[in-house]
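Sending over a structure as structure tokens; questions will come in a sec.
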Amino acid sequence: MSKTKTKRTTKTKPSKPLAKRRAKAATKSGGKAKPAKATTAKAAPPANVPKPAKVTQPASAGSVVPATLPPATAAKAPKVAKAPKASSLDHQRRQLLDTKTIPELKQMLKRNDQVSTGTKNKLIKRILECVTKGAFPRCPSCGIGRLKVGSATIVSDEGEVTYHKGFKCPGGYDDDEYVYCGFIAKLGEIERPAWKFEAPGSLV
């Protein structure tokens with residue numbers, strides 16, 4: 001009679017979850033079971049979704065589609081050349097006086113009984129004013145000082161004070177003594193003598 005060997009089949013117990021095994025081991029060792037860390041799965045990034053294409057409606061029959069033009073740039077106006085200034089009589093006189101020397105300018109002022117002191121520019125300015133408006137006369141009150149144009153204060157017989165532009169006399173020297181005058185008059189009350197030119201028909 002032959003003996004047959006019978007294999008023993010061992011039944012495998014199903015493995016317990018990891019949390020239960022840790023809890024059981026903790027109770028045996030007298031400690032507290034640590035809670036299992038929950039693992040959260042990361043969400044996958046969304047796939048690139050293509051943007052919907054713009055649908056252009058076909059133009060209906062007979063409709064006019066406006067053409068797209070580039071923005072218009074403002075056209076620059078052409079530069080206009082300035083017209084040369086007309087050579088006036090005063091400008092011609094100024095050019096002529098610029099060629100004169102200071103002694104010549106002073107001689108012209110002395111010939112017209114005018115103040116001949118100052119720089120060349122002041123002498124030329126004084127001559128131009130006297131040529132166009134007339135020379136400055138002597139004071140009719142003292143006969144020494146030469147009238148000047150400026151702001152004058154006039155007090156009437158009734159005591160009314162008025163301020164206006166007119167003539168006034170600062171006075172002058174009589175020999176070595178200064179004499180104060182204080183004469184004042186309106187512009188229309190004093191006549192300025194005409195300028196004495198170097199020669200008939202000359203500019204100055």
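Extension gain residue 76-residue 117, at 0.36 nm per residue separation less the Cα-Cα distance, in nm?
Stretched out fully, the residue 76 to residue 117 stretch lengthens by 9.4 nm.
So for the stretch 88-135, Kirkwood radius off the Cα pairs, Stokes-Einstein at 10 °C and 1.306 mPa s: how many µm² s⁻¹?
Details: Rh = 10.6 Å.
Once the numbers are plugged in, D ends up at 149 µm²/s.
While we're looking at this one, here's another question. Multiplying the sequence separation of residue 21 and residue 202 by 0.36 nm and subtracting their Cα-Cα distance, what value in nm do you get?
Computed gain between residue 21 and residue 202 is 51.9 nm.
Here, each number is a calculation from the coordinates, and none is a lab measurement. Small disclaimer: the values here were computed from a predicted structure and weren't measured.
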